[in-house]
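Presented below is the structure to which this report refers.
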């Protein structure tokens, strides 16, 4: 089966993308594409890969969920003591990528992070389902555990501990990050791999639109 990988290919022909057609600001353009992904029924359109690099220089990637688009920043939440949290403490730079295959589109975002203030993190945390809040307490994200049973026992213990607690408090190690972008690229798949790539580059505080070769 692996021998067939070289023969797997799809010709993208759904749409095109021109510098003349995009919004002047990349956040506005992102909102347009995100709304179109919602209307198209893309599963979890807010799922995005998040690449970080630790002190050892090794890039690491995982999928997280976009939970806010505020004041030109992309917001997600996590455990600050997780691998990504440790990486961002060492190197506060991140790469995000959305891939909406149903629309043959990608959005790539490069930027730096700052932590969301505690009150905003608390408000979002308390909007989550109760068991998701408890899971944030139960999980020492990215640490090694003895097995699934350990996690389920922790979940049960904390569920009992928080039985009469409302609201459940925000863990000290949990909160949000704002990604402050300096480069946002919109990729539209095209026929014969001659894809459209329109990038916004932040230069001296002003977004400049540039086309990239595929």
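Every number in this text was worked out from the coordinates using simple rules, so none of it is lab data. Keep in mind that what you see is a predicted model, and the values were worked out from it rather than measured. Please note: Cβ atoms are built from the backbone with ideal geometry, for glycine as well, and neighbour counts cover all protein chains shown.
Just to verify a number: FRET efficiency for residue 126 and residue 90, C-beta to C-beta distance, R0 = 41 Å, to 0.05?
The pair residue 126/residue 90 has a calculated efficiency of 0.85.
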**Request:** Label the stretch 85-204 by shape, choosing from rounded, prolate and oblate, from the square roots a ≥ b ≥ c of the eigenvalues of the Cα gyration tensor; if a/c is under 1.5 it is rounded, and otherwise prolate applies when a/b is larger than b/c, oblate when it is not.
**Result:** prolate
**Prompt:** Ranked highest first by the average count of other Cβ atoms within 10 Å around their residues, in what order do 49-58, 69-78 fall?
**Reply:** 69-78, 49-58
**Request:** Mind ranking 182-195, 154-167 by how tightly packed they are, going by the mean number of other C-beta atoms within 10 angstrom, highest first?
**Result:** 182-195, 154-167
**Request:** Apply 1/(1 + (r/R0)^6) to the Cβ-Cβ distance of residue 144 and residue 65, taking R0 = 25 Å, and write down the FRET efficiency to the nearest 0.05.
**Result:** 0.55
**Prompt:** For the Cα atoms of the chain, what angle does the longest principal axis make with the long axis of helix 118-127, in degrees from 0 to 90, nearest 10?
**Reply:** 80
**Prompt:** Shape of the stretch 1-100 from its Cα gyration tensor (a ≥ b ≥ c, root eigenvalues): rounded if a/c is under 1.5, otherwise prolate when a/b > b/c, or oblate?
**Reply:** oblate
**Request:** Could you state the angle between the C-alpha long axis of helix 148-161 and the longest principal axis of the C-alpha atoms of the chain, as a value from 0 to 90 degrees rounded to the nearest 10?
**Result:** 60
**Request:** Given the options 199, 47, 15, state which has the largest fluctuation in a GNM of the chain using a 10 Å cut-off (strictly under) for Cα springs.
**Result:** 15
**Theoretical gain in end-to-end length, residue 25 to residue 212 [0.36 nm per residue, Cα-Cα removed]** = 65.6 nm
**Prompt:** Here are several values of Cα extents along the principal axes in Å: [x] 56, 56, 37; [y] 46, 40, 29; [z] 57, 50, 40. Which one was derived from the coordinates shown?
**Reply:** [z]
